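Some notes on the structure that comes next.
We did not get these values from a lab; they are worked out from the coordinates using the rules stated. This is a predicted model, so every value here is computed, not measured. Glycine also receives a Cβ, built like all others from the backbone with ideal geometry; neighbour counts cover every protein chain displayed.
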Amino acid sequence: MKISRPQVKTLDRILPEEPLLMMGAGPVPIPEAVAQANGIVINHLGETMTEIIGQVKSMAGYIFQTESPWIVGVAGPGSAAMEMAVANLVWKGTRVLSICNGFFSSRLAEMAVRSGGVVEKLTVPESESVDPSQVRNLLEQMQPEVITVVQGETSNTTLNHQLKEIGELAKEFGACLVVDAVCTLSTLPLNMDDWYIDAVITGGQKGLSSIPGVSLVAFSEKAWTRVDQREGLLPQWTLDARLATKFWHGGSYHYTAPVSGLLALHEAMRLVCNETLEKRFERHEKCSEGLQRSIETLGLELYVPKRARLNSVVGIRVPSGLDGKAICSHISKNYLVEIAGSFGPPIVRIGQMGEQCRVHNLFRTIHAFGSTFNDLGYHVDVPAGMASLETVLQYQKV
Ligand SMILES: *Cc1c(COP(=O)(O)O)cnc(C)c1O
C-alpha cells in the first residue's frame, strides 16, 4: 500500500505570531547567544569539539562546585541523566534508599527498582522537607549503598534544604548520594564536594536556561570507583558512563554527540560563569521573593509553607470553584504567558529559573496572572499585586 504524503501547515501558521513567554516549570526562555549556538552544526569529533567539551567540563566544575573530573553528558532529557546516574550505580541486589517528596524523586526510585535495586522509600509528607534524623534511622536499619534525593521537587514545589546534612550522613554510612538538581542547578546553592554528594544530575531547560535534550551528570571519585568497578556490563549501552568517557574524556566516538545542543549548553553555562553564582543566586532569590509576595498581595495562597518552599518554581493554590487547566489555558490564549498546571496537587506553578527571573518578565506575568483570575470571575487585586512586586524589586537591574 502506498502512503500518500500528508498536508501539513507551515510552522508560522501553527506558532503564535508573538512568542509565548515561558513562565512554567520548564522549558524556560533562552538567551539570544544560546539560540544562536543552537542553530549551528559542527563536526562532533575533532579539535573544535574537544575544546568546547573541555570548557563545558570546567564550567560544570564551577557550577556543580566540584573538583571531580568525572563529568559526563548525555543526549537526552533530564530523565536520561537521572537514569545514567542510577543505572550506573545500582544493579541487581543493590540496597537503595529513595527519599520521595513527589513525582520526580519517585521517578528516581522507580529507576532504581528497574535497575534491580532493593529499594526502600522514605515518603516525605507533602509540603515538607526531608528530616535528616529520619534518614539516619533508615541508614542504621538498612545500610544502603545508594541514596537518591531531589533538591527541588518541581512537581509540588518543595525544597529539601538539608542536603548538606544528608551528604554528611551518606559519607558516615559509606553510601553514594545521588542528587537530582534538574530544576535547581544555578538557581540556589549546591556544593557537590563540600556536601559530600556523589552524583549530581541536571538538564538543560530549567535553571541553566538552555534547550531541552542535553543533560549532564557529575560523579564524585567515590561514585566513579563504584561505576568503574562494576561487575558485568551495563545493559543500556547508550547510558553507559564508562563508554561516555570515550567522548567526554577521550575526544573519540561513543555516539554522535548532540552538537547544536552542546554548543547551546556551552553558551548557557558561559553566561552563568559571567554572571557568577553569587549574583545569580541573589537574582533568583530576589525575583522569587517578589513573585511570592505579589501573589499573596493579589489575594492568592502559596501552596508550600515558607520553611519548605522552593524558590525556583512557585506553587499557587487554585481557589475552590476554579480549575487549574482553565487558568493555564486562559493566561496562554489571552496574555501569551505560559504557566504550568500540576501532576496532582491543586496548584498552578510559575517558574523562577534562569531567564524567567527578569524584572520585565515578572511584571508581565503578575499582570497576566492577576487579570486571568479577574477574567474568570474570581476577584484579585491586580494594582496591589503589581505595587508589591515593585516594592520588592525596585532598583533591581535584572
Ligand atoms: C524537569 C525535572 C526532571 C525531568 O526532566 P526531563 O527533562 O523532563 O526529563 C527531573 N527532575 C526534576 C527535579 C525536574 O524538575
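Per-structure values
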quantity	calculated
D193/F103 FRET efficiency (R0 30 Å; Cβ-Cβ; nearest 0.05)	0.55
The chain: relative contact order as a whole-number percent, Cα under 8 Å and 6+ apart	22 percent
Under Karplus coefficients 6.51, -1.76 and 1.60, residue-wise ³J(HN,Hα) of segment 337-347 in Hz, glycine/proline x	10, 9, 10, 10, x, 9, 9, x, x, x, 9
Calculated from backbone phi, Karplus (6.51, -1.76, 1.60) coupling profile of segment 315-320 in Hz, x at Gly/Pro	x, 10, 5, 7, x, 5
Efficiency of FRET from Cβ geometry, R317 and F343, R₀ 25 Å, rounded to 0.05	0.95
Set of segment 348-382 residues, backbone N closer than 19 Å to the point 7 Å along the Cα-Cβ line of A326	348-349, 368-381
Inter-probe distance in nm under a simple model that places probes 7 Å from Cα toward Cβ, at I14 and E289	4.3 nm
Net charge over other residues, Cβ less than 13 angstrom from the Cβ of L263 (K, R count +1; D, E count -1)	-1
Max mean-square fluctuation residue, GNM over the chain, Cα-Cα springs under 10 Å, options I52, I295, I211	I52
Longest exposed-site-free window of the chain, the sites being trypsin sites (Lys or Arg not before Pro) in a DSSP loop that have at most 10 other C-beta atoms within 10 Å	93-396
Cys with no candidate disulfide partner in the chain (beta-carbon separation under 4.7 Å rule)	C100, C176, C183, C273, C328
Pairwise label distance in nanometres, I40 with I3, each label 7 Å out on the Cα-Cβ vector	3.6 nm
Rounded FRET efficiency, nearest 0.05, which uses the C-beta distance separating Y62 from H360 and R0 of 25 Å	0.35
Set K9/K57; K206/K306; K57/K171; K121/K164; K9/K286 screened for pairs whose C-alpha atoms are more than 31 Å apart	K9/K57; K9/K286
For the chain, built as a Gaussian network whose Cα springs stay under 10 Å, the top-fluctuating residue of V74, V318, V130	V318
14 Å reach of a label modelled at E296, 7 Å along Cα-to-Cβ, counting backbone N of segment 358-392	385, 388-389, 392
Karplus-derived HN-Hα couplings along segment 289-298 (A = 6.51, B = -1.76, C = 1.60, θ = phi - 60°), whole Hz, x at Gly and Pro	4, x, 4, 5, 5, 5, 5, 5, 5, 4
